[in-house]
1. Under 5 Å between amide hydrogens, which residues at least 5 positions from Trp160 or on another chain qualify, with H placed 1.01 Å from N in the peptide plane?
2. What distance in nm separates the simple spin-label points at Val141 and Asp154, each placed 7 Å from Cα in the Cβ direction?
3. Provide the solvent-accessible area of Arg177, counting protein heavy atoms only and rolling a 1.4 Å probe, rounded to the nearest 10 Å².
4. Summing +1 for each Lys or Arg and -1 for each Asp or Glu, what net charge is found among the other residues whose Cβ lies under 12 Å from the Cβ of Lys130?
5. Accessible area, 1.4 Å probe, largest first: how do Trp35, Trp97, Trp64 sort?
6. Quick one: longest stretch of the chain between exposed loop GluC sites (Glu not before Pro), exposed meaning at most 13 other C-beta atoms within 10 Å and loop per DSSP?
7. Please list Phe237, Phe271, Phe63, Phe191 in order of solvent-accessible area, largest first, computed with a 1.4 Å probe with all protein chains present.
8. Connecting C-alpha atoms closer than 10 Å in a GNM of the chain, tell me which of Leu264, Leu223, Leu173 has the biggest fluctuation.
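The values are calculated or read from the model by the stated rules, or taken from the named source; none is laboratory data. Everything quoted here is computed from the prediction, not taken from an experiment. FYI the Cβ positions are ideal-geometry reconstructions off the backbone, even for glycines, and counts take in every protein chain you see. Note: accessible area is taken over every heavy atom of the protein model, side chains too, but ligands, DNA and RNA are not part of it. Shrake-Rupley method; radii C 1.70, N 1.55, O 1.52, S 1.80 Å.
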Amino acid sequence: QHQVLPLRLVSAKRDVRARAMSSEVDALGVFTWMWAQVMVLQVVKLAITAAHAAKPLSIGILFWPCFMGSGCFVGLVAPSSGLTTAYLCGVSFVTLWLTGSQSNHVFMDMVVCLAVLLTYSPDRRRWVAKATHSVRLFLIVLYLVTALHKMNTDWHKPEWSCCTLMLVGVLALPPFRWALPVVPLSAAPHFATLTEVGLPMLLIAGGPVALRVACVCGCIFHLVICQMLSPMSVYPFSVLMAPLYVFVAPDAAMRMFVWVRRRLQVIVPLFAIVCAIWTPLMASGDLPEGEAPFEYPAYGSWAPGVVWCNFAYAGLIGAMVAARSVD
């Protein structure tokens, strides 16, 4: 009896936590909330385009940032509504189709929107289950294709591999330069291949442990590859991938959402402060004072994008570790 009672208490605590999270948001709601933040990048890009357009500004040029901005707004203020999710994904798809750059990242954005829209069901739980299945399949295909792309003769040669170049780009940042002489650069391409072969295998396995390992490894992977200065940084790709990991570890994502929403008055100012110091911190000596890194596509958001990735992926990993320690 003394052994059964603690187990019942632990089970009861889990049930209370689960009910508390489900009353606030589910995986689809967290995805909607994060996707709205991701698509702010497109609003910024469209606003930059409008700012540089010939005067007087036409209604067509002004329409797109406002249209996309409306989707982001409702996604941030009412993420748990099914209508919000459908509207945000629909607006995102149309805006990207008609105004997006010819980029594989933009194509991936549109595929994600379709994966959520085409799995719609009036039964919320069914919609979440179908969207989870679709997004995980997308991730499996994505990582398998990129892994196949790495199976060429030059990928694992440090002098040719873009993986080595990107790792050097990370280690060339002032806070990490001390590690440049000690990191085995020749091992980086092999590690990248292992990661992009291992992630789909873990997602296919699909058990709780496999999904946790996939979430932690994937978050670390995408966190690393966005750190270097633009245009080498692939922060738009890392930004895009963060909401997808909600469907890999939905419980951790819901915990993160609840934790963040209750501390927004601290997190938002902290985010702004870190964004303000990020470029001087990471590019000291590499850029003229007051200038930002060159970007293509021209989102003009390297520092906020990288800092957002730092917050988002650290939040997911932290929620995963916290859940594990509680369990």
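1. none
2. 2.9 nm
3. Its accessible surface works out to 110 Å², give or take rounding.
4. Numbers: positive: Arg124, Arg125, Arg126, Arg136; negative: Asp123.
Cβ neighbours under 12 Å give a net charge of +3.
5. On the way: Trp35 0, Trp97 170, Trp64 55 Å².
If we order Trp35, Trp97, Trp64 from most to least accessible, we get Trp97, Trp64, Trp35.
6. Maximal segment without exposed cleavage sites: 1-158.
7. Phe191, Phe63, Phe271, Phe237
8. Judging by the Gaussian network model, the answer is Leu264.
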